[in-house]
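Engineer: This structure is in structure tokens; I'll ask about it shortly.
None of the figures in this text is laboratory data; all of them are computed from the coordinates on show. Keep in mind that this is a model prediction, so the values were computed, not measured. No Cβ is skipped: glycine too gets one built from the backbone with ideal geometry, and neighbour counts run over all protein chains shown.
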Amino acid sequence: MVDGSFETIFYEIALLVLLAAGVGFIGLLMRQPLVVAFIAVGVLAGPDALGLVSSVEFIETLSQISIAVLLFLVGLKLDVSLVRNLGKVAVATGLGQVTFTALFGFVICLALGIDPLTSIYISVALTFSSTIIIVKLLSDKQEIGALHGKIALGFLIVQDIFVVLAMVTLSAIGVGLGEETGGLWEVAQVFLGGAVMVGAVVLFIRYGANPLLGQIARSPELMVIFAVGWAASLAALGDALGFGKELGGLLAGVSLASTEFREAISSRLASLRDFLLLFFFINLGATLQLSTLGEQIGPAITLSLFVLIGNPLIVLAIMGFMGYRKRTGFLAGLTVAQISEFSLIFMAMGITIGHVGDEAMGLVTLVGLVTIALSVYMITWSHKLYDICEPFLGIFERRVAHRETDDTDSGAAPSAHDFIIFGLGRYGCRIGARLNEEGYRVLGVDFDPEALANWRRMGLEAGYGDATDPEFVAHLDLSNVKAVVSAVPRDRGALTEADPQLALLHGLRSVNYKGRVFLSAQRASEADELLKRGASVVLNPFDDAADYAVRQLIEGEDERQKESA
């Protein structure tokens, strides 16, 4: 006989997931990410709305698993070598944005009449930006590989590190508040247990991670099961030792971050993360009181405007000071015009410790809804927004934006070149080398310092620039250039106006360039579209290589038949 409570839970989960699918579909039509839909579902399912949540303990358990998996995925990104190689602009922009947002946010919260401790929590929560949303939107726009996209990804990693430090601090505070009976000895035991766990993770990274995953990876399904089990187990161990499920899940991710299977695990867990995250927001909605949210509308609007306008301006100012163009700073700055799901997790930890109340959580939730919903449109229409704001952004750009104009051997506006190649990867380097062997003068353009250094080692002239930046293209002297070649790699997906190929074509057209334009594509449909847009020739590295291989095979077979005859 089936237990009635089990049936109730089953029906409840089925209804909640169906509701999430319906709200998510509406969000999709409005071009909103799932996070917004999930927050809305949490509010709708709460006791003050539809009242669908009765299995509170079960939902809370799934919520805790979702937090463990989410922090596990954050830990997966914190590879020591990756963190060590972060560029100066990522570190400076990330730390600057976090510092200024926290300080100004704290002052604004105090001015709104919020008590100092709650103001600290809210101001720190405002510093987190949603990596999930930013990466998704930049990928959809084909801007992950653009200069502002690379910089944004860099300072998102800095933000993730700050998330870790903030949660470690909260856990330590929580441990300190638990000294009712054991005093300092109880606190010491927790830190000793944590040290032992960290030491065990270090040993696992050094000796066990790669061999173990090397065996498990033979079955992709088993790798997913292992990853979830590993995250949940270390989260449980962290909770048992007293420093929280959150840090346990984070350590689980860090323990696998240096393996070659990191990206595979991350991509396979993405859908599971999204599904489990639903229950975190449902559990959050079950604790919100809609009657108190009305009082928070004024403060929520004030803080939302600060995040939507203040965060981008902070990034724009820092990048302008460092010598980047106002366009690059503006586009990178728009990516931080929202708060993150981690903001709500951070506030939930504060509630658990007893530092903040449900009103503060309601306020941050409203700010999350407003900023995430609006920032999606801001990032989607970033280039049009820049065109509107450009006349007012001059104060954020140095007279000479040396980061994007002076990092060349020959000056930023070379005039004595036959060909200009954008994108100095393997394909672009091969083209440049062959043209140089034929006696042509070639300029290579990229914004990757390593690619530029490699190009210069070949004895060729290099320019630091971005194919998607029309201002950089307009800065070039194209009078003697026979052809411009784009070897910039692009992600699979539909061509958009922000795509490097189309952006470069538009930039060249805007300066009335009359020479030939060679663009690269991966599929025949892309080639047809690029030719319609005005490309002279479309290069397809894969098809070109296949054609060459076939010619070699046929010629080799003909020679063999002649020899046998």
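Engineer: Which listed residue (Val35, Leu103, Gly113) has the Cα farthest towards the positive end of the charge dipole for segment 9-142, taking +1 on Lys and Arg C-beta and -1 on Asp and Glu C-beta about the Cα centre?
Structural biologist: Highest projection toward the positive end goes to Leu103.
Engineer: Is any residue of segment 5-48 close enough, with backbone N under 20 Å, to a label point placed 7 angstrom from the Cα of Ser54 along the Cα-Cβ axis, and if so, which?
Structural biologist: 5-20, 42-48
Engineer: Output the Kirkwood hydrodynamic radius of the chain, Cα pairs only, in Å rounded to one decimal.
Structural biologist: For the chain, the Kirkwood estimate is 26.2 Å.
Engineer: Give me the one-decimal nm value for the distance between modelled label points at Ala200 and Arg398, 7 Å along each residue's Cα-to-Cβ direction.
Structural biologist: 5.1
Engineer: May I pose another question? Under a point-charge model restricted to the Cβ atoms of Lys and Arg (+1) and Asp and Glu (-1), what is the dipole moment magnitude of the chain relative to its Cα centre, in debye to the nearest 20?
Structural biologist: In total the dipole reaches around 1300 debye.
Engineer: From the Cα gyration tensor of segment 266-339, with a ≥ b ≥ c the square roots of its eigenvalues, which class applies: rounded if a/c is under 1.5, or else prolate if a/b is larger than b/c, or else oblate?
Structural biologist: Oblate, because a/c is 1.5 or more while a/b does not exceed b/c.
Engineer: What angle, in degrees between 0 and 90 and rounded to the nearest 10, separates the Cα long axis of helix 426-437 from the longest principal axis of the Cα atoms of the chain?
Structural biologist: Taking the Cα atoms of the chain, the angle to 426-437 is about 20 degrees.
Engineer: Can you tell me the orientation of helix 147-176 relative to the chain, as the angle in degrees between its alpha-carbon axis and the longest Cα principal axis, to the nearest 10?
Structural biologist: Taking the Cα atoms of the chain, the angle to 147-176 is about 20 degrees.
Engineer: A follow-up question, please. Using the number of other C-beta atoms within 10 angstrom as an exposure proxy, rank Phe342, Phe191 with the fewest first.
Structural biologist: Phe191, Phe342
Engineer: Can you sort Leu241, Leu73 by how many other beta carbons sit within 10 Å, fewest first?
Structural biologist: Placing the least packed residue first, the sequence is Leu241, Leu73.
Engineer: Using the charge dipole of the chain (Lys, Arg: +1 at Cβ; Asp, Glu: -1 at Cβ; taken about the Cα centre), state which of Gly357, Ser123, Val511 has its Cα farthest towards the positive end.
Structural biologist: So the residue furthest toward the plus end is Val511.
Engineer: Can you give the convex hull volume per residue for the Cα atoms of segment 409-550, as a whole number of Å³?
Structural biologist: So the per-residue hull volume is 110 Å³.
Engineer: With the dipole of the chain worked out from charges on the C-beta (+1 for Lys and Arg, -1 for Asp and Glu) around the Cα centre, which of Thr335, Ile67, Ser255 lies farthest toward the positive end?
Structural biologist: Farthest towards the positive end: Thr335.
Engineer: Please list, in order along segment 301-312, the HN-Hα scalar couplings obtained from phi with the Karplus expression 6.51 cos²θ - 1.76 cosθ + 1.60 (θ = phi - 60°), rounded to whole Hz, x for Gly and Pro.
Structural biologist: Once rounded to whole Hz, the list reads 5, 4, 5, 5, 5, 4, 5, 5, 10, x, 4, x.
Engineer: Okay, next question. Among Arg31, Arg262, Arg325, rank each residue by its count of other Cβ atoms within 10 Å, from fewest to most, as a rough exposure measure.
Structural biologist: Ascending number of Cβ neighbours within 10 Å: Arg31, Arg262, Arg325.
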